[in-house]
Each structure stands twice: as structure tokens, then as C-alpha cells.
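Just so it is clear, none of the values below were taken in a lab; they were calculated from the coordinates. Just so it is clear, the model here is predicted, and its values are computed rather than measured. As a convention, Cβ positions derive from the backbone with ideal geometry for all residues, glycine included, and neighbour counts pool all protein chains shown.
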Amino acid sequence: MYIGVDLGGTNIVVGLVDEQCNVISTKSRETNSCRGKDPIIKDIIEMIVEIKSESIEDIKAIGVGIPGFADKAGNVKAIINLKWKNVNLSEILEGKFKIPVAIDNDATVAGVAEFEAGAMRGYDNGVLLTLGTGIGAGIIINGQVFNGSHAIGSEIGHMVIGENFYTCNCGRNGCFETFASSTGIIKYAEKLLKEGENSEVINNYIKGDYSKLNAKIIIDAAKKGDSLGLKVFNRAIKYLTIGILNIMNIIDPEVIAFGGGVSNAGEFLLEALRIEVEKTRYNKDFPVPEFKIAHFKNDAGIIGAAMIGKHKIN
């Protein structure tokens, strides 16, 4: 048995996971990030103790997925939203529970879940792209997690792919996630609406209140043939394809899986990508990756975290 910890900006979820990636039980508490790190770490420890007590088998390892960066030793270098910097979380947890602890970025952890038991199972080389508020990536090469020499090598969302009308939160212009994330989709739709373009379908939902805009409303409008919805969706596909072609040229994965809110578009998203990738790729003598929707939703974090714990002892 393994324990997976999904530390998010809103909730902390701790789960008991078996060798086959089945979630046996979970505990959840609100993160309340304004409290600072010590109460949050205390909550994590208390939930691990509770989960541990429910297992009749020994816990072999603990894994933690974080919305930030950790080095190879499991030291949390930075979690911007929680205002954490240089927190020796693995040392704290290993000192408390006397078992190995692994820590990694939440997108990498989700990629491990898909590789172990989801959409990327059975492949040696794959990439999970999480298309949410930003774009995260979990990269598997030759069956192993890849995140570079210093564990920051999978920041695909900050790959610059063009010039955009707004600046990324990182301070640069043109980052992948500013074009193809749910945030990028919403911002472009809002821009068009404010410039006077009309969408009866979208306006029926938001009634002039831009705060009600979300990626689902926009993509649903595109599915209905709405001109503004299609314009926004097709732009996202164009830039998502540029990012995917870069990934293909550098990593050459067998499969690319898509998670996050935008992936709820399902086959509508995948088919548009297949067409655009085939149209724009330059080397047509080689196969393109399979495009799939990620299998895991809410459990991806705890399953993947548990599995990075498993990998640490194997």
C-alpha cells in the first residue's frame, strides 16, 4: 500500500492506494492557504496518520503532488499560490513516518497516474498536457519520469510559441498557456466581445456579465456552429497544434493525453487536433502520436503521488 497526497490551492486530499492504482480511501480538508505552511503541514500529517490507521498492510512509501516546484531531494523550492519557499517537506514527512517520501509537480504526478493505469498505459513515451488555468505537462520517456536535471524541465506551458495580446503571469509574452489554456480561451473570447463581435449563443449564457465566461460555454458555442465560438476555438487549436508539433519534434512521444477543463470537449477537441496536426506537420513519413483524453479526473493527483512514492523505492 502507498499513500498519495494531493496538495492543491483549494483542498488537500490524502488517499490510500494499492499496487494496481485503486484508491481504497481518501481524506480531504480545505487548504486555507492564508494560514501559512505550518498549519498546512500539520493537516497533511494528521490526514496521513488517519489514512495509515485504515490500512491493514504496511505503507511502503508516501508521494506528494504540489502546485509548484520541488528538487530531486524532495525539497519544495516554491509554491507561488501558497507562498511557500524552500520547505524541506520530504525531510519533515520522512522524519515523522520513517518511510520514503517523494515529491513532484502536480502535472508530472498526473502524468504518472496516466502512465501507470490510464490513457498512457502500455506506452514507453508519452506526454500528458493539462489544459486548465494554465498548461502543465507530465513527461514520460522510456518508462521514466522526465523533468530535467533540476526538476523544472517539464514547464511546457511556458514555451514561447508566438506573440499574444496579453502577458503571461510569468512576465513574458507568448507562452503556450496564454493561447491554449482555459484562461487563454476565455481572455480571447472576452476581447472579441468587448470589441463588438456578437455571439447570441454565448450572450444567452453570460447576459453581458464577462465574469460568467468559461471555456465550456465557449467550446459548446463552437460545437453549435457559433461564429465567435468557432473563431476562439480554432485559434486555440492552431496554437495548441504549434505546441504539440514542438513536443513531437523534441520528444517524439507515442501518445499525448489531454487533461484539465478544456479536455472535457472530448472527441471534438481531439478530432480538431488530428486534422490540424496532419495539415501542418512537416515530416509525414513518420506516424503522429495517438491523441487521447486523460482517464483520471479527481483521483489523478493521489494516484500519481502514490506511484511516485512507489517509484522511489523501486
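Remarks
- About its Cα centre, the chain has a charge dipole of approximately 720 debye under the convention of +1 per Lys or Arg Cβ and -1 per Asp or Glu Cβ, with nothing else charged.
- Dipole axis of the chain (+1 Lys, Arg; -1 Asp, Glu on Cβ), positive-most option in Gly266, Ser182, His150: Ser182
- Proximal charge balance of Gly136 [Cβ under 9 Å; K/R count +1, D/E count -1]: -3
- Under 12 Å, Cβ to Cβ, from Asn264 - net charge with Lys/Arg +1 and Asp/Glu -1: +1
- Projecting the Cα atoms of Thr31, Ala110, Gly171 onto the charge dipole of the chain, computed from C-beta unit charges around the Cα centre, puts Gly171 farthest toward the positive end.
- Here's the picture: charge each Lys and Arg Cβ at +1 and each Asp and Glu Cβ at -1 in the chain, and of Gly132, Tyr205, Phe291 the one pushed furthest to the positive end of that dipole is Tyr205.
- Inter-probe distance in nm under a simple model that places probes 7 Å from Cα toward Cβ, at Ile24 and Lys85: 4.0
- Of Lys207/Lys238; Lys191/Lys231; Lys85/Lys312; Lys191/Lys216, pairs whose Cα-Cα distance is over 21 Å: Lys207/Lys238; Lys85/Lys312
- Rg ratio (alpha-carbon, reference 2.2 N^0.38 Å) - the chain: 1.03
- Helix-derived mean residue ellipticity, 222 nm - over the chain, DSSP H n ≥ 4, -39500 (n - 2.57), to 500: -12500 deg cm²/dmol
- Kyte-Doolittle at least -0.5, axis length at least 27 Å by Cα - qualifying DSSP helices, the chain: 227-251
- Computed 3J(HN,Hα) for the range 54-62, one whole-Hz value per residue from the Karplus formula 6.51 cos²θ - 1.76 cosθ + 1.60 where θ = phi - 60°, is 8, 9, 7, 9, 5, 8, 8, 6, 10, glycine and proline marked x.
- Anchor Lys27: lysines whose Cα lies under 22 Å away (excluding residues fewer than 8 positions away in-chain): Lys37, Lys42, Lys52, Lys60, Lys96, Lys98, Lys297, Lys310
- Fewest-first sequence of Phe291, Phe258 by Cβ atoms within 10 Å of each Cβ: Phe291, Phe258
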